[in-house]
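In what follows, a single structure is set out as structure tokens and then discussed.
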Amino acid sequence: MSYLSYVTPSATSPWHTYLEQVDRVLPYLGPLARWGETLKRPKRSLIVDVPIEMDDGSVKHFEGYRVQHNLSRGPGKGGVRYHPDVTLEEVMALSAWMTIKCAGVGLPYGGAKGGIRVDPKVLSQKELERMTRRYTSEIGIIIGPQRDIPAPDVNTNAQIMAWMMDTYSMNTGATATGVVTGKPIHLGGSLGRVKATGRGVFVTGREAARRIGLKLDGARVAVQGFGNVGSAAAELFVGAGAKIVAVQDHTGTLVNHRGFDMQGLMNTVRRDGGVGNFTEADRIDGEAFWDVDCDILIPAALEGQITTERAARTKAKLVLEGANGPTLPEADDVLKERGVLVVPDVICNAGGVTVSYFEWVQDFSSFFWSEDEINVRLDKIMVDALKHIWDTADQHKITLRTATFAVACERILIAREERGLYP
């Protein structure tokens, strides 16, 4: 199904999921479908060796990637993740979803993604810095403020972006704040960036709930993954009157049907790096998370979490995809049959890349906006994009995911067609 010699996707792999999503949208693209193969082939994939000297004097090698899926609408944009399970195929899928995401909300970017196969928790701070700087130097031949702009993702943060920015700047001989986003505020970062992805989940969730007549006041929310995205979304939903009844991350699965004390939960997460030691909740088996009584489910961890079996069990009326690719295509069908509305990742979690775009624009102009201005602009872009996608879904009687792909792929392929093929 992949048509590419260098990956062999399994039925549950991220790249297979993406390809199936593309196949589902091709019938809605009309004459543009002749360019459909463009969407199934990354423009550029770079695999790099990342050797560093460890603190004990030994030398270790790590495998790094940067994939630019499509650059028809502008420079590449996408995060860098540090995780022991990162593969080329996963990074390809993530870069492709970034292409769709940027086009879906109308940002002038193509999709890219990067990663290193490493468990960053076993590295010292100095080893992490050396690895980041070496990786940045290796991918420096294809990134740049007008070429490809990395950002934080799983297990990366503002400090890592600062090292990346500094390394690129040293190698090019001039400070280039616009080469990455998600930087510290003092280095050209934007207010509101850290919580932007979670805010986007909340904004799209608020609009979706209104459309299906679900009141947020008193709504029960279950959140998988309690990093930047899951925790920020949870706080905003609680602020709107909802209650968090279940949380799950790598440290454990907790339930409190009366609703979690968010302040206490956040204090535990900040102290321990996870929810596991929070005492004012009942600990349950990880698989039981999918059986919890809830109105809204927010998968905000890794891809491939909602299988057909879990889709058949969830009690949620609304699924908000805070993570990238959390729902398998067959599970999508199950949720649709059960009348569960899914707001797909490619619009739901686009708040992060939207505020990254704001940061990039601010870096170029050296003029910075207030956090209120950032949030108002983010809200407007997300609401307008979702409205257009919803109108498309109603027009063709298709799911929001297929509608988002339809809107995005039309924009991408029009750009491809108008640019033509060179030479």
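The values are calculated or read from the model by the stated rules, or taken from the named source; none is laboratory data. No experiment lies behind these values; they were computed from the predicted model shown. Cβ sites come from the backbone with ideal geometry, for glycine too, and all protein chains shown count toward neighbours. In case anyone asks, the SASA skips ligands and DNA or RNA and just uses the protein heavy atoms, side chains included. Shrake-Rupley method; radii C 1.70, N 1.55, O 1.52, S 1.80 Å.
Name the most mobile residue of Val118, Val346, Val221, meaning the one with the largest mean-square fluctuation, in a Gaussian network model of the chain with Cα contacts below 10 Å.
Highest fluctuation of the listed residues: Val118.
Return one whole number: the accessible area per residue of region 1-105 in Å², for a 1.4 Å probe.
Accessible area per residue: 38 Å².
Kindly identify region 217-262 as rounded, prolate or oblate by the Cα gyration tensor criterion: order the square roots of the eigenvalues as a ≥ b ≥ c, call it rounded if a/c is under 1.5, otherwise compare a/b with b/c, prolate if a/b is larger, else oblate.
It is oblate, given that a/c is not under 1.5 and a/b is not larger than b/c.
In deg cm²/dmol, rounded to 500, what helix-only [θ] at 222 nm does the chain give when every DSSP H run of at least 4 residues adds -39500 (n - 2.57) and the total is split over its residues? The partial results should precede the final answer.
Numbers: 13 runs with 179 residues, N = 423.
After summing the helix terms and dividing by residue count, I get -13500 deg cm²/dmol.
Using 0.36 nm per residue, how much length does the chain from Arg338 to Arg271 gain when fully extended, once their Cα-Cα distance is taken away?
Once the chain is fully extended between Arg338 and Arg271, it gains 20.2 nm.
Of the listed values (i) 145; (ii) 178; (iii) 165, grab the one calculated as volume of the Cα convex hull per residue in Å³ from the structure here.
Given (i) 145; (ii) 178; (iii) 165, the calculated one carries the label (i).
From the backbone phi of region 134-143, what are the Karplus-calculated ³J(HN,Hα) couplings (6.51 cos²θ - 1.76 cosθ + 1.60, θ = phi - 60°) in whole Hz, Gly and Pro given as x?
5, 4, 4, 5, 5, 8, x, 6, 10, 9
For region 40-145, what % of the accessible area comes from carbon and sulfur atoms, probe 1.4 Å?
Ligands and nucleic acids excluded, carbon and sulfur give 49 percent.
Could you work out the relative contact order of region 270-341? I mean the mean sequence separation of Cα pairs under 8 Å and 6+ apart, divided by the number of residues, in percent.
Computed value for region 270-341: 31 percent relative contact order.
Can you pull the one-decimal nm distance between simple spin-label points at His250 and Glu373, each 7 Å off the Cα toward Cβ?
Label-label distance for His250 and Glu373, simple model: 3.8 nm.
How much of the accessible area of region 265-349, in percent, comes from carbon and sulfur atoms when a 1.4 Å probe is used?
46 percent
How about region 273-369: which GluC sites (Glu not before Pro) there lie in a loop by DSSP and see at most 16 other Cβ atoms within 10 Å?
Sparse-neighbourhood loop GluC sites (Glu not before Pro): Glu280.
On the protein heavy atoms, probe 1.4 angstrom, tell me the percent of accessible surface of region 364-416 carried by carbon and sulfur.
53 percent
Evaluate the distance, in nm, between pseudo-label points positioned 7 Å from the Cα of Ile141 and of Ser365 along their respective Cα→Cβ axes.
3.6 nm
How many Å² of accessible area per residue for region 347-423, probe 1.4 Å? Each step should come with its number before you reach the end.
Numbers: 3760 Å² over 77 residues.
Heavy-atom accessible area per residue stands at 49 Å².
Which links in Lys195/Lys215; Lys101/Lys195; Lys121/Lys380; Lys40/Lys60 stretch past 29 Å when you go from one Cα to the other?
Pairs exceeding the cut-off: Lys121/Lys380; Lys40/Lys60.
Using the alpha-carbon centroid of each, what span in Å lies between region 362-385 and region 90-160?
The two parts, judged by their Cα centres, are 22 Å apart.
Rounded to the nearest 20 Debye, what is the dipole magnitude of region 291-379 about its Cα centre when Lys and Arg each give +1 and Asp and Glu each give -1 at the C-beta?
The calculated dipole for region 291-379 is roughly 280 debye.
When all protein chains stay in place, what accessible area (Å², nearest 10, 1.4 Å probe) is found for Trp360?
Looks like 30 Å² after rounding.
Per residue, how large is the accessible surface of region 209-317? Use a 1.4 angstrom probe and give square angstrom.
Computed with neighbouring chains in place, this is 44 Å² per residue.
With springs connecting C-alpha atoms under 10 Å apart, model the chain as a Gaussian network and identify which of Thr402, Thr204, Thr251 has the largest mean-square fluctuation.
Thr251
For region 1-89, which GluC sites (Glu not before Pro) are both in a DSSP coil and crowded by at most 10 other Cβ atoms within 10 Å?
Sparse-neighbourhood loop GluC sites (Glu not before Pro): none present.
Given contacts defined as C-alpha pairs under 8 Å and at least six residues apart, what's the relative contact order of the chain, whole-number percent? Walk me through the numbers on the way to the answer.
Details: 863 pairs, mean separation 69.2, N = 423.
Relative contact order, the chain: 16 percent.
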